[in-house]
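Trainee: This is the structure, below, for whatever I ask next.
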């Protein structure tokens, strides 16, 4: 599992494994899920990250060369499309 935060693109990408991505679907505004050939989720991208993680509600942890972790403490998101 890898987590990558791209500050320039204002996006976060969580890659669960190295399976080939066959299809991607935007499941909520700015939230894209990647699927493999078995229709299993292999990645999740969150766009407009700075709008979703107000600085007062996010705790930064020490970063490695390519990874920054954020922990958010907010109410669970509503189910998209219901």
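The values are calculated or read from the model by the stated rules, or taken from the named source; none is laboratory data. Since the model is a prediction, treat every value here as computed from it, not as a measurement. Cβ atoms come from the backbone with ideal geometry, glycine included; neighbour counts cover every protein chain shown.
Trainee: Identify all residues within the stretch 2-29 that are touching a strand residue (DSSP E or B) at 6+ places or on another chain (Cβ under 9 Å) and in a loop (DSSP other than H, G, I, E, B); write none if there are none.
Mentor: Across the stretch 2-29, the qualifying residues are 9, 10, 16, 17, 18, 19, 20, 21, 22, 29.
Trainee: Does residue 69 meet the test of being at pLDDT 50 or above and surrounded by 10 or more Cβ atoms within 10 Å (Cβ to Cβ)? Spell out how you get there, then give the answer.
Mentor: On the way: at pLDDT 50 or above: no; surrounded by 10 or more Cβ atoms within 10 Å (Cβ to Cβ): yes.
In short, no.
Trainee: Yes or no: residue 32 modelled with pLDDT of 95 or more and either in contact with a helix residue (DSSP H, G or I) (Cβ under 6 Å, 6 or more places away or on another chain) or assigned to a loop (DSSP other than H, G, I, E, B) (or both)?
Mentor: No.
Trainee: If you check residue 46 against the conditions, is it modelled with pLDDT of 95 or more, surrounded by 14 or more Cβ atoms within 10 Å (Cβ to Cβ), touching a helix residue (DSSP H, G or I) at 6+ places or on another chain (Cβ under 8 Å) and in a strand (DSSP E or B)?
Mentor: The answer is yes for residue 46.
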